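The structure appears below as structure tokens.
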Amino acid sequence: MKIKSLAILLILLPSALPAAEKKTNKAYPPGQKVVQAIRLQEPVQVDGRLEENVWKQAGADGFIQNDPQDGQPSTEPTEVWVAFDDKALYIAAHCRDSEPDKIISRLGRRDSQVESDWFSFAVDPYFDKRTGYRFAVNPAGSIIDETLSNDVGSDSSWDGVWEARTAVGSDGWTVEMKIPFNQIRFAKMDEYVWGINFRRVIQRKNETATFSWCPKDEQAVVSKFARMEGLRDISPGAHIEITPYTTGQAQFRPAEKGNPFENGHKMIGNAGFDLKLGLSSNLTLDASVNPDFGQVEVDPAVVNLSAYETRYQEKRPFFIEGASLFNGFGRGGVYFNANINWPDPTFFYSRRIGRAPQGYVTRDGYTSFPDRSTILGAAKLTGKLGGWNIGFINALTAREYAQIDEAGLRYEEEVEPSSYYGVLRAQKDIADGRHGLGFMLTGVARDIDDPTLAGIMNRNAFGLAVDGFSFLDSKKSWVIGGWVGGTRIEGSVEDILRVQNSSIHYFQRPDATHIELDPSATSLSGWGTRINIAKQNGTLIILGQIGALSPGFNPNDAGYQSGASDVINVSFLPGLNLTKPGKIFQQILIGGGGFANWDFGGNNVGKGGIVIAEGLFRNFWGFGATLFGGAGSLNNRQTRGGPLTWSPGGFMGEFRLNTDGRKRLVLEGYASISDSGRDGHAWTGQLSFRWKPAPNVSFSIGPMYSREINNTQWVGKFSDELMTPTFGKRYVFAQLEQDMVLAEIRLNWTFTPRLSLQAYLQPFIAVGAYSRFKELARPGEYAYNAFGENGSAVDYSDGLYTVDPDGEGPASSFAFGNPDFNVKSLRGTIVLRWEYLPGSLLYFVWTQNRADYANPGTLRLRRDIGDLLTAPGDNIFMIKASYRWSR
């Protein structure tokens, strides 16, 4: 069976990587700070009071500001100490303050970067100057922990098990941390040299200071750490965690008369366990048996009128923890990124695993359709092997069935086959991080038995790509990096024909000479690449990018691509990064440049320029502004598989302004305006409020209104052999007037660092009215035949538009439904989270969804809000408990 063979292949691949390199003596940079770790002679009670003798010795100091005065000594002294015993690392800090009554202490749930004073400790145990961990605590005891990657990247999804306590006194505040060695990875050695750094935030002064300072105009973090010496006779030790869980769920929704599947309520229970096993000091295995991969917070509502799917954020802990290794593919070394008119493909998009079933039912009747694919089991291997950073995910999803009740008779139809997903990521740093090389391999194998599914789903899909980077000068100012790779999908003749006609390819375009539709193909392959060259340090910064995706490139079985393949993209963006305070600005980044796109047939399908500015005023108000101008160009996607059209030039401007985040009330405003000449115009306005009435409470609301008029909104295509100018089809468009009103409302109430309440609510209204229907008159031009003019006619009756394109002429009439819409949605979640023991959690969750679609095409706020509030809703109550056992 192909699923098994693919799984075996991916499992064996990590063992085929090169063996570990022998350690060599490293030359340390001149002037690098050094911290001596002290072996404990007595136990440390982690209470934040610094009463042990080890903390009475002279500590390390000399913190230097990054903000607000980059390079100047910190305005308040800080002393730090590092100690250790056989099991753990201990960190202590005395954050002295001349005005201790002004220390800002706010409670926030774990990993919440609240506006507060902070102290953090960062460590690079491999001393590779690229990766590490950061542990932070504020005076209220709130904590943040992160993994560090790619020198400047951080990921707060990792949750280690460690201790931190603080105490506020008459001369400042003090910190004690205990970090068990089994929570961080490092290779076994006789004596250790680790990278290390400390950072302090003094919130009332907007001051950030670090022990090992790096100028703000240099793009570096881990590579600028100080050196920690003195660690010896320690071991990461064996580590095992088992976390069993149980969930109970009650679903309440309006009963539907006659529908046996909707009686108004449903009760669901589940249980399973997660395993974390340290296979060695460098490798960790995460496995989940009967996992609970439901997410706690709902996805936001959207109205998507494009031909491409919406990308949603991953919110499931199993997939977001350690995701930086996968998400960083192709971005190593190059810390700037500007995807201007580039579809930005990713080879791995974790929400493919457990996605909603893609099939459909063929029988009439009442239907019970699964909302997601069940993940039977998943395993993740992460760490270092032979000098390579490794990430390896395997997951198996179940075969899913829809139930149909047809006049009392029950049937089952398969709507999703059993599927295997495998992703292998490996990356290696060379010459102390001056160069890097890596690859990513993805595989999806579906066990398809149903002929209907065989016509709409790929049986197998593979992706293989290589990425790398290289710094071009000794100061690491100039860097080149990128990726090159390919994809291959396999399936039935019907399936591959469907894929060729889909929005990512459109091989059926009648005027495209560089592609050809193959109705007998059973596979499709393609290649892609993206190369970046950048100057990242200093006042002058530069980013140049070139990328290409061949017509057959398609990563969407395991990955995600926001637009079409068959594209060549070039962009060039120079800028100025001014980090020293001036009379008006605390700091400002100004940049500008241009871009151009072509397809593989040589057609220019986009070109334009952009100017951006963002930064801080001296009063610490933040701002951002963008001005984008596009020239007229051909469009090979507007007719959705039809001939070329012409898109007029236009402009778009946007501006954002926010007040000082230290204040109790923080305001943020956003406005944008765009104009595409004959093609339409749009504008958006948003005003957000964030109120902090107490040190442990934060409330925010962000209402937004947007209006858009699009004169060439897609409606559909209709065959007519008499329409020879457009190759025997009529490509129908309309003017769309769309209004959107929405708000995001959040409440964060933190009772203790381990007990918090979160509430999220999103009311959403989107209304669209279609009019002025027309058809494309000639390819490659902005030329349309308006229906209702020049002898043509359009009539509307009983929800159906009927078009006679030539009146008394020979052309046949055609019809389509009324595309007007009025989508109203209210989605909300309340989550009570209690970490009753380290790593052991209890969740109480209430989720509500309600929707209404009445009165399409007209917006009346009072009526529509009333309809939404009185619409029947779905209520889901869930309790989940887990217990972490470790040794």
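Calculate, for SER797 and ARG488, the FRET efficiency according to 1/(1 + (r/R0)^6) with r their C-beta to C-beta distance and R0 56 Å; round to the nearest 0.05.
E between SER797 and ARG488, to the nearest 0.05, is 0.70.
Give me the 1.4 Å probe accessible area per residue for the chain, excluding ligands and nucleic acids, in Å².
44 Å²
Which aspartates and glutamates have a Cα less than 19 Å from the Cα of LYS224, not counting those fewer than 8 places away in the same chain?
ASP61, ASP67, ASP70, ASP124, ASP128, GLU146, ASP151, ASP155, ASP429, ASP432, ASP473
In the stretch 618-651, whose amide N lies under 20 Å from the spot 7 Å out along Cα-to-Cβ of LEU667? List them in ranges.
618-625
What aspartates and glutamates does LYS880 reach when the alpha-carbon gap must be under 19 Å and sequence neighbours fewer than 8 apart in one chain are set aside?
Cα-Cα hits under 19 Å: ASP159, GLU241, ASP274, ASP292, GLU297, GLU835.
Which value, in debye to the nearest 20, describes the size of the charge dipole of the chain about its Cα centre when Lys and Arg Cβ atoms bear +1, Asp and Glu Cβ atoms bear -1, and nothing else is charged?
Magnitude of the dipole: close to 2120 debye.
Please tell me the relative contact order of the chain in percent, rounded to the nearest whole number, where contacts are Cα pairs under 8 Å and at least six residues apart.
9 percent
Report the extension gain between LEU747 and THR858 in nm, rounded to one decimal, defined as 0.36 nm multiplied by the number of residues separating them, less their alpha carbon distance.
Difference between extended and current length: 36.8 nm.
Note down the relative contact order for the stretch 659-705 as a percent, whole number, built from C-alpha pairs under 8 angstrom at least six residues apart.
32 percent
May I ask you to derive the relative contact order of the stretch 59-169, considering only C-alpha pairs under 8 Å and at least 6 residues apart, and to give it as an integer percent?
Rounded, it is 15 percent for the stretch 59-169.
Under a cut-off of 23 Å between alpha-carbon atoms, report the lysines in cross-link reach of LYS188, not counting same-chain residues fewer than 8 places apart.
Straight-distance partners of LYS188: LYS22, LYS23, LYS26, LYS87, LYS129, LYS178, LYS276, LYS380, LYS384, LYS428.
Leaving out ligands, DNA and RNA but keeping every protein chain, what accessible area does ARG425 have, in Å² rounded to the nearest 10, with a 1.4 Å probe?
Roughly 10 Å² of ARG425 is accessible to a 1.4 Å probe.
When all protein chains stay in place, what accessible area (Å², nearest 10, 1.4 Å probe) is found for PHE135?
Only protein atoms counted, so the area is about 0 Å².
Which one, ALA83, THR284, SER470, is farthest towards the positive end of the dipole of the chain when Lys and Arg carry +1 and Asp and Glu -1 on their Cβ?
Looking along the dipole axis, the top candidate is ALA83.
Top to bottom by accessible area (1.4 Å), largest first, where do LYS729, LYS774 land?
LYS729, LYS774
Of PHE821, PHE727, which has the most accessible area with a 1.4 Å probe, and how do the rest follow in descending order?
Largest accessible area first, the residues go PHE727, PHE821.
When the accessible area of the chain is split by element with a 1.4 Å probe, what percent falls to carbon and sulfur?
The C+S portion of the solvent-accessible surface of the chain is 56 percent.
Putting +1 on Lys and Arg Cβ atoms and -1 on Asp and Glu Cβ atoms, find which of GLN32, GLN500, PHE273 reaches farthest to the positive end of the dipole of the chain.
Final value for the positive-end residue is GLN32.
The values are calculated or read from the model by the stated rules, or taken from the named source; none is laboratory data. As the structure is a computational prediction, the values presented were derived from the model and not from experiment. Virtual Cβ from ideal backbone geometry, glycine too; neighbours counted across all protein chains shown. Quick note on the areas: whole protein, heavy atoms, side chains included, nothing else; ligands and nucleic acids left out. Shrake-Rupley method; radii C 1.70, N 1.55, O 1.52, S 1.80 Å.
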